[in-house]
Structure formats: structure tokens, C-alpha cells
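Here the structure is laid out as C-alpha cells; the discussion comes afterwards.
Here, each number is a calculation from the coordinates, and none is a lab measurement. Since the structure is predicted, the reported quantities are computational estimates derived from the model, not experimental observations. FYI the Cβ positions are ideal-geometry reconstructions off the backbone, even for glycines, and counts take in every protein chain you see.
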Amino acid sequence: MKKIEIPKKPSTTSWVVSGLGLLVSALGARMLKKKVGAGILGFGLAHILLGQLDRFRPTVNEH
């Protein structure tokens, strides 16, 4: 069997991290009345921020 390689852009990972952060933030926002909801919301917001900051990081070119 031949292995099929899917080309992956470096920005794909950044968008996945941000998207998961968005989902976690939405979950945390729905739970804000509980103390743990604020922690979950902050965790999700941090992932959104880190995912977007990762987009601006320079990539290494492989030859």
C-alpha cells in the first residue's frame, strides 16, 4: 500500500488550536456561574491567543 501524504501548511495547526480554544471558551462562558467556569474560559481564551500568535512565528524552510 502506498502512503498518501497530505500537504499541511504551518498555519493549519494555529487555526486548529484557535478553533479548539473557541469551543473551550464557549463551554467556559456557559459555566461562568460556577468557579470552574472562569478557569475553563481563561484556558480557552489563552489557546485562542496562543494560536493566533503562532501564525506570526517565522517558519523553517526544509530543502
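Local charge sum around SER18 (other residues, Cβ-Cβ under 10 Å, Lys/Arg +1, Asp/Glu -1)? After counting each charged neighbour, the total is 0.
What's the extension gain from ARG57 to LEU22 if we count 0.36 nm per residue and subtract their Cα-Cα distance?
On the way: separation 35, 0.36 × 35 = 12.60 nm, distance 2.07 nm.
10.5 nm is the gain from fully extending ARG57 to LEU22.
Relative to the longest principal Cα axis of the chain, at what angle does helix 35-55 sit, 0 to 90 degrees, rounded to 10? It works out to around 30 degrees. Computed from the Kirkwood radius of its Cα pairs, the Stokes-Einstein diffusion coefficient for the chain at 20 °C and 1.002 mPa s stands at 162 µm²/s. Normalised by the number of residues in the chain, the mean separation of alpha-carbon contacts (under 8 Å, six or more apart) gives a relative contact order of 37 percent. Applying 1/(1 + (r/R0)^6) with R0 = 25 Å to the Cβ-Cβ distance of LEU49 and ILE4 gives a FRET efficiency near 0.15.
Which loop trypsin sites (Lys or Arg not before Pro) in the range 12-63, with loop taken from DSSP, have no more than 14 other Cβ atoms within 10 angstrom of their Cβ? If you can, show how the numbers build up before the last one.
Numbers: sites: ARG30, LYS33, LYS34, LYS35, ARG55; in loops: LYS33, LYS34.
Qualifying residues, ordered by number: LYS33, LYS34.
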